[in-house]
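**Q** This structure is in structure tokens; I'll ask about it shortly.
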Amino acid sequence: MYPNLKLEIFRRGLHQNHLARNIGMDETLLSKIIHGYREPTAIQRRSLANHLAVEENWLFEKYESAAQKPTVDSRQVSRDGVDEST
């Protein structure tokens, strides 16, 4: 998911279908890119960033939900490897 892309579209009061039409992209493809189902090509990234007049790297920062992040064991283990949580 690209929350900055979604945010920038919202900030500007744009509709996804209008943005897609303005840059010559299918609106279904744009929706899939915004929601992380498709990776944009370099040309698509550049085109969207230029049209929205924002930094490309910022626009395409990915969002990781808590479910996707690696979990950390909650047990406390001392330096010598002994489990101190019990």
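**Q** How many residues, within segment 8-34, are within 18 Å of Tyr63 (Cβ to Cβ) and either loosely packed, with under 12 Cβ neighbours inside 10 Å or basic (Lys, Arg) (or both)?
**A** Selection size over segment 8-34: 3.
**Q** Another one. So which helices (runs of 4 or more DSSP H) stay within segment 13-79 end to end and still have 1 or more residues that are modelled with pLDDT under 90, among the hydroxyl-bearing types (Ser, Thr, Tyr) and closer than 16 Å to Tyr2 by Cα?
**A** none
**Q** Let me ask something else. How do the pairs read when you match residues in segment 54-70 that are surrounded by 11 or more Cβ atoms within 10 Å (Cβ to Cβ) with residues anywhere that are at pLDDT below 60, using Cβ under 8 Å and keeping only pairs 6 or more apart or on different chains?
**A** none
The values are calculated or read from the model by the stated rules, or taken from the named source; none is laboratory data. The structure displayed is predicted, hence computed values, not measured ones. Neighbour counts run over all protein chains shown; Cβ positions are idealised from the backbone, glycine included.
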